[in-house]
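K.L.:
One structure, as structure tokens, below. Some questions next.
Values quoted throughout were computed directly from the atomic coordinates according to the rules given, and no laboratory measurement underlies them. These numbers come from a predicted model, not from an experiment. FYI the Cβ positions are ideal-geometry reconstructions off the backbone, even for glycines, and counts take in every protein chain you see.
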Amino acid sequence: MMPKNLISIADLTREEILQLLDLALKLKEKRGKHDAQTPLESKSLAMIFEKSSTRTRVSFEVAMTELGGHALYLNSDDLQLGRSETICDTAMVLSRYVHAITARVYSHETVRELAKCSDIPVINALSDAEHPCQLLADLLTIRGRKGDFQGLHVAWIGDGNNVCNSLILASALTGMRLSIACPAGYEPDPATMKHARELGGNVMITHNPAEAAAGADVFYTDVWVSMGDETEEQKRLRDFDGFQVNDNLLNNAKPDCIVLHCLPAHRGQEITGEVLYGTHSAVLDQAENRLHVQKALIVMLMAEQ
């Protein structure tokens, strides 16, 4: 049985992840065919966006439309969230209107509070702590290219950010070995690392990108300056010098390695343009798979609503 909410990728078990990926693949194969189902007919999804997005907004809206439901986009100007109305009051009111909430927010506590006070499923579409929807798409992409997770070596090069935190937990749940290369001071959350090790995860942190890349099956990187970090841009660019995913770094990996990036990408910073869309890249598959895994997720969470 699926959990009520998806706040962390670790809310799912390995079995639930595999079940969700199987459903995502079926929905992907049926897309555009005449026998496509609309299991969410007459159901609505409230989409709270404190942070703007291309892939998150479009994928969730298209997912709801193709499944027969309706998505309601709500940005900070549309809501009283956290201003003249409490987060809890917003959650309780929305629970009377819609069948699920997805929230792309700055603070992880916001999505936790929404889930605590809501009578309907709440999906973390990004917070400062985690990005579980992105990781589900990543897992579908890796399985599609590599066939299985067990024993794969994933190299994360860059900031120990929210995506990295979810990757740490996802690797532990799926049996992948993870090597993280980040500058000193940019390591991932210690509590997340502890949780992953409790789950049986095999995670190594280094400050040497070549060490992390050695023998990798999968490369993963993200921007050095995330939304909300703009005031630190120049410092971050200096600190991350030497952590670029480029052809030289890929030479340390397996010849059939794949490259992931959750986008948007800053060519010439965390990754070169040649690698971003080169022969090793799975970036466009990864972006597309946001749609398919989110279809599966909302079907599984909203089925009983």
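K.L.:
Within the chain, how many Lys pairs that are eight or more residues apart, or on different chains, come under 17 Å at the alpha-carbon?
P.N.:
9
K.L.:
If you don't mind, there's one more thing I want to ask. Please arrange S8, S95 by counting, for each residue, the other beta carbons lying within 10 Å of its beta carbon, fewest first.
P.N.:
Details: S8 22, S95 18.
Lowest count first: S95, S8.
K.L.:
Please give the FRET efficiency for A184 paired with D22, using the beta carbon to beta carbon distance and R0 = 35 Å, rounded to the nearest 0.05.
P.N.:
Numbers: r = 41 Å, r/R0 = 1.16.
The formula returns an efficiency of 0.30 here.
K.L.:
Once you keep just the Cα pairs under 8 angstrom separated by 6 or more residues, what percentage relative contact order results for the stretch 134-286? Write down the numbers at each step before the final one.
P.N.:
On the way: 287 pairs, mean separation 36.8, N = 153.
That works out to 24 percent.
K.L.:
Also, quick follow-up: Over all directions, average the projected area of the Cα convex hull of the chain and note it in nm². It would help to have the intermediate numbers written out before the result.
P.N.:
Values: hull surface 60.9 nm².
In nm², the orientation-averaged hull projection of the chain is 15.2.
K.L.:
What order do you get for W156, W224 when you list them from fewest to most C-beta neighbours inside 10 Å? Intermediate values should be presented prior to the final figure.
P.N.:
On the way: W156 29, W224 23.
Lowest count first: W224, W156.
K.L.:
Apply the Karplus curve 6.51 cos²θ - 1.76 cosθ + 1.60, θ = phi - 60°, to the phi angles in the stretch 264-278 and return the couplings in whole Hz, x for Gly and Pro.
P.N.:
Karplus values, whole Hz, x for Gly and Pro: x, 10, 10, 4, x, 9, 6, 7, 8, x, 5, 7, 4, 10, x.
K.L.:
Here's another thing I want to ask about it. Counting other beta carbons within 10 Å of each Cβ, put K116, K51, K295 in order, fewest first. Show your work: numbers first, answer last.
P.N.:
On the way: K116 14, K51 18, K295 26.
Result, fewest neighbours first: K116, K51, K295.
K.L.:
Still on this structure, please answer the following. Hey, rough spin-label estimate for Q150 and E198, points 7 angstrom out along Cα→Cβ, what's it come to in nanometres?
P.N.:
Taking the two extended label points, one gets 2.6 nm.
K.L.:
I've got another one for you. Hey, for a label at K30 modelled as a point 7 Å past Cα toward Cβ, could you say which residues of the stretch 260-303 have their backbone N under 13 Å away?
P.N.:
Output list for this probe position: 295-297, 299-300.
K.L.:
Can I ask one more? Rounded to whole Hz and in sequence order, give me ³J(HN,Hα) for the stretch 170-175 from the Karplus expression 6.51 cos²θ - 1.76 cosθ + 1.60, θ = phi - 60°, writing x for Gly and Pro.
P.N.:
5, 5, 5, 6, 10, x
K.L.:
Return the long-range amide H neighbours of H70 (sequence gap of 5 or more, or a different chain), with a cut-off of under 5 Å between placed amide H atoms.
P.N.:
Hits under the 5 Å cutoff: K43, S44, L45.
K.L.:
Stretched out fully, how many nm does the piece from T54 to Y277 gain, at 0.36 nm a residue minus the Cα gap?
P.N.:
Numbers: separation 223, 0.36 × 223 = 80.28 nm, distance 1.87 nm.
Extra length from T54 to Y277 when fully extended: 78.4 nm.
K.L.:
Right, something else. Could you give me D for the stretch 1-76, from Stokes-Einstein at 25 °C and 0.890 mPa s, where the hydrodynamic radius is the Kirkwood radius over C-alpha pairs? Units µm² s⁻¹, please.
P.N.:
Taking Rh from Cα pairs, D becomes 174 µm²/s.
K.L.:
Expressed as a whole number of Å, what is the distance separating the alpha-carbon centroids of the stretch 256-305 and the stretch 171-230?
P.N.:
Taking the Cα centre of each part, the stretch 171-230 and the stretch 256-305 sit 17 Å apart.
K.L.:
Using only Cα atoms, what Kirkwood radius does the stretch 57-198 have, in angstroms? All intermediate terms of the calculation are to be shown ahead of the outcome.
P.N.:
Numbers: mean 1/r = 0.0591 Å⁻¹.
One over the average 1/r among Cα pairs gives 16.9 Å for the stretch 57-198.
K.L.:
In addition: Compute, for the stretch 194-269, the length of the dipole vector about the Cα centre, with Cβ point charges of +1 (Lys, Arg) and -1 (Asp, Glu) only. Units Debye, rounded to 20. Provide the component values of the computation, followed by the final result.
P.N.:
Numbers: 7 positive and 12 negative charges, 27 e Å.
Value, rounded to 20: 120 debye.
K.L.:
What number do you get for the stretch 214-286 when its Cα radius of gyration is normalised by 2.2 N^0.38 Å, N = residues? Kindly include the intermediate steps, with their values, before the conclusion.
P.N.:
Details: Rg = 12.5 Å, N = 73, 2.2 N^0.38 = 11.2 Å.
So the stretch 214-286 has a normalised radius of gyration of 1.11.
K.L.:
Report the equivalent ellipsoid semi-axes for the stretch 134-286 in whole Å, largest first, defined as the square roots of five times the eigenvalues of the gyration tensor built from alpha carbon atoms.
P.N.:
Details: eigenvalues 89, 71, 39 Å².
Working from the Cα gyration tensor, I get semi-axes of 21, 19, 14 Å.
K.L.:
Still on this model: What are the ³J(HN,Hα) couplings of the stretch 132-137, residue after residue, when phi is run through the Karplus curve with 6.51, -1.76, 1.60 and θ = phi - 60°? Round to Hz, x for glycine and proline.
P.N.:
Ordered by residue, 3J(HN,Hα) equals x, 5, 4, 5, 5, 5 Hz.
K.L.:
Can you list the cysteines of the chain that have no other Cys Cβ under 4.7 Å away?
P.N.:
Isolated Cys, the chain: C133, C164, C182, C257, C262.
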